[in-house]
Amino acid sequence: MKKIFLLSLFIIISMSRKVSAEEKNTPQDTIKTFNMDEVVVISSSKETNKLRTLPGSVSVLSPQQIAGRQVMSIKDISSFVPNLYIPDYGAKLTSAVYIRGVGTRSSGQSIGLYVDETPYMDKSSFDFELMDIQRIEALRGPQGTLYGRNAMGGIINIYTLSPFDYQGVKASLSYGNYGQTNAKISVYNKPNDKLGLSLGAYYNHCNGFFTNAYNDRKADFEDTAGGNLKLHWKASSALTASYSVSYEYTDQGAFPYGFYHEDTKTVDKVNINDKSSYKRSLLSNNLSLKYQNENISFTSTTGYQYLNDDMKMDQDFSDSSLFILNQLQKQHTFTEEISVKSKNDNNYQWSFGVHGFYNKFRTDGPVEFKEDGIKTILQPVFDKLNDYGMPGKLTITNESLYIPGDFKTPSFGTAIYHQSTCNNLFYEGLSITAGIRLDYEKQELTYHSEAKMNLRMQIAPGRPPIDLSDSYPASVINEKISQEFRQVLPKISLKYECTPRTFAYLSIAKGYKAGGYNVQMSADIMQSRMQFDVMNSFKQYMPPTFEITEPQPVKEVISYKPETSWNYETGMKSMLIKDRLRTEVTLFYMDIRDLQITKFVESGNGRYLSNAGKAESYGAELSLSARLSDKLAADLNYGYTHATFLDYNNANENYKGKYIPYTPQHTLSIGLQYNKSLRNCIIDRIIASAQCNGTGKIYWTEKNNLSQPFYAIVNAQAGVHKGRISLYLWTKNLTNTDYSTFYFESLNKPYMQKGKPLQFGAKLNITL
């Protein structure tokens, strides 16, 4: 990994020498003062409204805010965006994103992620290094009309820097406690007015924050390396093309969960005897073609993403040898979107588009029950037979039981959409935006597993046991099923501009999240099948009072339905004081049907996604951005969500009125940024920033018996600039707040992922 990074570094440095003298004179850091409109907002290829006047809830992070808030991945924008919560799962395997009470921690996602207008189709690819970001947009509420599947809670758009907008070299090196090392370098070159080229590379290392008590080693070390290449071509004044490719490799210790004591509300140290790790290769490609004239803008965006990972989990999270999981995923995703929209100053604006995708996904998820697991988890099922009068004792003789689970889950879909905006409708300032999307998706599942439980019977004490393993065949599951989804997703918004700087809006939109298959519960399915096959083979010897229950059909157990919602939202956006104070206020209500919720199987050996009837979510959001002086800026972002079940009974308990798990009732972010230029001084500028992010209360289960109270963490950094060099001192979780960020169950025992402790370090930036 280090050799790859050093090779990339050499290429970039060699390339940087080709920057012309004219480009070297380009201002390398133009952020000298705070500007309320710092981000030059470029409308998307689909939207018929400008982002600043969009009739919906939008948060935009500028390069200055990204740097000041130390945003390294999308997890770092949690809380800054009102009602957005992205917990630390303990590995890059998945990113559980929640907005306004909708989200999911396992299969699929309820939030869409786009990078340079190319969708990322699975949460396993969401957690990657953010490098040279031009801006980040977070659109809250259903965005299915323009963005399609799984945009029920919102969309996060990430736009990267173009070599036409910046030329030069950026390099940084950061080091902190826990061995945190981050090195980045990128070069942006424009050989001529028609061609732009950029190349970047990075390397991250961390020794780990949590020590495994079993072997006194760090449980969550991380090494990540990657790079990217961009080519931008201006063929003419009307036609442009861009191609980008990025690659990232991660090798990390994973899932540093500790046992949670409900009585004392404390979390034990990590204590696992089997390896827990995660390795991932992620390759992303994007080709964009754009043609525009004075009337229309035509865009074609083609994407390809390859993901190959290897996850190992000590699934009992203890020092006992119970059971382990080794999941391998391989994914090839192809996406294509063609859109055309009007481009003029008329009162009527329109947009049409067609979208298609193919996702080839294979998961190999074998579970191995080890010696202790066979004795304590599998054997008790047969021991109960003696209570019903079984004449002999059945004993499992496998030293370990390997249960394979091979899943092929290809899916493909297509959609057509349209959106229109009529400005100055009936009278000046009133506008209406209406859109509709016709969406079709088909999913297939091929599931194969074969395993055998070897048994012997002890008829009576003193007599030799009888080996029964040759008396019955291995259990086999071969399933091939499919399901189709069709959705009509409408949206309508009314907007009234009271003044050029103030407007109010009202919108109604349908949200949709596709159904799918639970590949995580394969071991539980196969375990039930083996137990049934064995007992059915010897049913003539079974006690007459013992009932042999046949497992449910795989299709019924492994499938879950789509989740839908109707979202009602009203809000106001205003530049209350020109160039000084901007505010946004939002009220929302969501009527949710067939809510998808993660549940743990009764045996305690896994988890699955299930539909939980009806739910509702309502709340409010407030964003303030102020330039207090030419040197000081501040922002405040607050979100309140009240998300509860309306109709959810799992046959054992009624959860009506209970809060939806993993949904913070409050998110709060307060930030300050100070920027002062100096004259006749050894340094040119002083920059400082501080943020306080608060989250909670969070309930971890649908029973609402476990929760994380509201907590706040403080991040800060301060630095000095001299010419092309800047030096920062930074800290995260300055108050060393103790909190939990993720919950997991295994064998009906609670485990927690704790938040990261106090971190501090220094960072050096160089621009050439």
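The values are calculated or read from the model by the stated rules, or taken from the named source; none is laboratory data. Computed from a prediction, not measured in an experiment: that's the story for all the values here. Cβ placement follows ideal geometry from the backbone for every residue including glycine, while neighbour counts extend to all protein chains displayed. Accessible surface areas use protein heavy atoms only, side chains included; no ligands, DNA or RNA. Shrake-Rupley method; radii C 1.70, N 1.55, O 1.52, S 1.80 Å.
Considering the dipole of the stretch 241-374 built from charges on the beta carbon (Lys and Arg +1, Asp and Glu -1) around the Cα centre, which of 327, 288, 359 is farthest to its positive end?
288
Once you have the Kirkwood Rh of the stretch 337-476 from its Cα pairs, apply Stokes-Einstein at 25 °C and 0.890 mPa s and quote D in µm²/s.
115 µm²/s
For the stretch 451-570, taking Cα atoms only, what is the radius of gyration to one decimal and the Dmax to the nearest whole Å?
Both quantities, over Cα of the stretch 451-570: 27.6, 94 Å.
Which value at 222 nm does the chain reach when only helices count, each DSSP H run of 4 or more adding -39,500 (n - 2.57), with the total divided by all residues and rounded to the nearest 500 deg cm²/dmol?
Here the helix-only value at 222 nm equals -2000 deg cm²/dmol.
Suppose R0 equals 25 Å. What FRET efficiency, 1/(1 + (r/R0)^6) with r the Cβ-Cβ distance, do residue 372 and residue 408 give to the nearest 0.05?
0.15
Which of 458, 525, 483 sits farthest toward the positive end of the charge dipole of the stretch 457-537, with +1 on the Cβ of Lys and Arg and -1 on the Cβ of Asp and Glu?
Projecting each Cα onto the dipole axis, the largest value belongs to 483.
Stick to the Cα atoms of the stretch 79-179, pair each with every other, and give me the Kirkwood hydrodynamic radius in Å at one decimal.
15.0 Å
Read phi for every residue in the stretch 205-214 and hand back ³J(HN,Hα) as whole Hz from Karplus 6.51 cos²θ - 1.76 cosθ + 1.60, θ = phi - 60°, with x for Gly and Pro.
9, 8, 5, x, 9, 10, 9, 7, 5, 5
Using 1/(1 + (r/R0)^6) with R0 = 35 angstrom and r between the beta carbons of residue 636 and residue 678, what's the FRET efficiency to the nearest 0.05?
With a Förster radius of 35 Å, E is 0.75.
Given N residues in the stretch 599-726, what is Rg(Cα) / (2.2 N^0.38 Å)?
Here the answer is 1.63, to two decimals.
Tell me, what are the semi-axes, in whole angstrom and largest first, of the equivalent ellipsoid of the stretch 232-302 as set by the roots of 5 times the Cα gyration tensor eigenvalues?
52, 17, 7
Separation between the residue 428 and residue 213 pseudo-spin-labels, each 7 Å from Cα along Cα→Cβ, expressed in nm?
Simple spin-label model gives 7.2 nm for this pair.
Per residue of the stretch 272-282, in order, report the coupling 6.51 cos²θ - 1.76 cosθ + 1.60 (Karplus, θ = phi - 60°) as ³J(HN,Hα) in whole Hz, putting x for Gly and Pro.
10, 9, 10, 5, 10, 8, 8, 10, 8, 10, 10
How much accessible area per residue does the stretch 166-301 have, counting only protein heavy atoms and a probe of 1.4 Å, in square angstrom?
On a per-residue basis, 44 Å².
Taking only Cα atoms of the stretch 169-214, what ratio of Rg to Rh do you get with Rh as the Kirkwood inverse-distance radius?
That ratio is 1.31, to two decimals.
Let's see if you can work this out: charge +1 on each Lys and Arg Cβ, -1 on each Asp and Glu Cβ, no other charges. What is the dipole magnitude of the chain about its Cα centre, in debye to the nearest 20?
Dipole about the Cα centre, nearest 20: 2140 debye.
Based on the Cβ-Cβ distance of residue 768 and residue 281, what FRET efficiency does E = 1/(1 + (r/R0)^6) give at R0 = 30 Å, to the nearest 0.05?
Using R0 = 30 Å, I get an efficiency of 0.45.
Using C-alpha positions alone, give me the convex hull volume of the chain per residue in cubic angstrom.
With only Cα atoms used, the chain gives 164 Å³ per residue.
Listed here are the pairs 75/170; 50/341; 599/656; 442/480; 510/614; 384/452; which of them are more than 18 Å apart at the Cα?
As for pairs spanning more than 18 Å Cα to Cα, those are 75/170; 384/452.
Dipole of the chain (Lys/Arg Cβ +1, Asp/Glu Cβ -1, origin at the Cα centre): which of 508, 600, 707 lies farthest to the positive side?
Checked the options; the winner is 508.
Specify, per residue and in Å³, the volume enclosed by the convex hull of the alpha carbon atoms belonging to the stretch 184-248.
83 Å³
Based on C-alpha coordinates, I'd like the Rg and Dmax of the stretch 693-739, in Å.
According to the Cα coordinates of the stretch 693-739, Rg and Dmax are 17.5, 58 Å.
How far is helix 2-16 tilted, in degrees, relative to the longest principal axis of the Cα atoms in the chain, given as a value from 0 to 90 rounded to the nearest 10?
In the chain, helix 2-16 runs at an angle near 20 degrees to the longest axis.
In the stretch 374-458, carbon and sulfur make up what percent of the accessible area (probe 1.4 Å)?
Carbon and sulfur together cover 56 percent of it.
Roughly speaking, what is the centre-to-centre gap between the stretch 245-304 and the stretch 709-741 when only Cα atoms are used, to the nearest Å?
That distance is 23 Å.
Can you check what the net charge comes to around residue 213, using other residues whose Cβ is under 11 Å from the Cβ of residue 213 (Lys, Arg +1; Asp, Glu -1)?
Residues near residue 213 contribute -1 overall.
In terms of the ratio Rg/(2.2 N^0.38 Å) built on C-alpha atoms, what value belongs to the stretch 160-269?
Rg over 2.2 N^0.38 Å, computed on Cα atoms: 1.62.
Using only Cα atoms and rounding to the nearest 10 degrees, what angle (0 to 90) does helix 522-537 make with the longest principal axis of the chain?
The angle comes out at about 20 degrees.
How much length would be gained if the chain were fully extended between residue 547 and residue 233, taking 0.36 nm per residue of separation minus their Cα-Cα distance, in nm to one decimal?
Contour length minus the Cα-Cα distance gives 105.9 nm.
Could you grab the Rg to Rh ratio for the stretch 543-646? Cα atoms only, Kirkwood for Rh.
1.31
Over the residues of the stretch 451-509, compute the C-alpha Rg and express it relative to 2.2 N^0.38 Å.
3.25
Considering the stretch 673-768, what Rg and Dmax in Å follow from its alpha-carbon atoms?
Values for the stretch 673-768 (Cα only, Rg and Dmax): 19.8, 67 Å.
Quick one: net charge of residue 432's neighbours, Cβ under 12 Å, K/R +1, D/E -1?
So the environment of residue 432 carries a net charge of +2.
Please state the equivalent ellipsoid semi-axes for the stretch 193-350: what are the square roots of 5 times the Cα gyration tensor eigenvalues, largest first, in whole Å?
With the √(5λ) rule applied to the stretch 193-350, the semi-axes are 48, 18, 15 Å.
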